[in-house]
1. Starting from the stretch 58-83, keep only residues that are over 14 Å from Gln138 (Cα atoms) and without any contact (Cβ under 8 Å) to a residue 24 or more places away in the chain, then list their pairs with residues that are hydroxyl-bearing (Ser, Thr, Tyr) and buried (at least 19 other Cβ atoms within 10 Å of the Cβ) whose Cβ atoms are within a distance under 6 Å, requiring at least 6 positions of separation or different chains.
2. For residues that are among the hydrophobic types (A, V, I, L, M, F, W, C), in contact with a strand residue (DSSP E or B) (Cβ under 8 Å, 6 or more places away or on another chain) and loosely packed, with under 14 Cβ neighbours inside 10 Å, tally how many sit in the stretch 63-93.
3. Limited to the stretch 33-44, what total is found for residues that are over 15 Å from Arg77 (Cβ atoms) and either assigned to a helix (DSSP H, G or I) or out of contact with any Asp or Glu (no Cβ under 9 Å at 6 or more places or on another chain) (or both)?
4. Which count do you get for residues in the stretch 103-119 that are surrounded by 12 or more Cβ atoms within 10 Å (Cβ to Cβ) and at pLDDT below 75?
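The values are calculated or read from the model by the stated rules, or taken from the named source; none is laboratory data. Since we're looking at a predicted model, the values are computed, not measured. Every residue, glycine as well, gets a Cβ built from its backbone with ideal geometry; the counts of neighbours run over all protein chains shown.
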Amino acid sequence: MAPPSRSPARTRGRAARAGSWLALLSAATLGDGALSVQAEVRADGLKDGRAYRLVVQTYDALPSVSPRSRPVGSTQRAVTAAELRDGVHVSLVELSAQATPGAERTVVAWVEAGQPDLEFDGREARPRPGSVYGVAKQPPSSDAVRILLDQRIAAAAT
C-alpha cells in the first residue's frame, strides 16, 4: 500500500487544525512553503500602564542565536504588562525553503517599552538594551511552545 500523498488539501487541513486564520491563509496561498508556529509568551515584573512591544521570532534549530542569524518567522504586536502576566498567545508564519513540519525550532521572544512598528513584521528587529527576553526550543512533537521572558539584555557600557 502506497503512503498517502501530501496534497494541497492535506496541507490546508493541517494548517486549519493549528487554530489560526493566519495559518489557514498562508497554507491556502503558499502551500507547503509556509508553516504556522504557535507560542504562549509570559512575563512578570513589568510596569502596568506602559506600552510594550512584543517580538517573537523563529529560527531553524540552532545551538544558539547570534546577531547574524536570520529568522524564518516573525511577528510583533502591542501588549500590556497584564496581558503578559496572563500569557499572550501568538501565531506566526514561517517562510522557509526548508519548511519542515515537525522539525525542531528555536523560538526567541522579547518585550521592550514602546509601540510596534507595524510597517514591519519584526523580521529585522533585534532586542535593545534593557529588553526582557526568553528563548525556547520547540520540540518536533509539539504544536506550540511556551516562553517565559525572564532574562534581561544588559545596558551597553558607556
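1. Ser69/Tyr59
2. Counting residues in the stretch 63-93 that are among the hydrophobic types (A, V, I, L, M, F, W, C), in contact with a strand residue (DSSP E or B) (Cβ under 8 Å, 6 or more places away or on another chain) and loosely packed, with under 14 Cβ neighbours inside 10 Å gives 1.
3. 1
4. Result for the stretch 103-119: 1.
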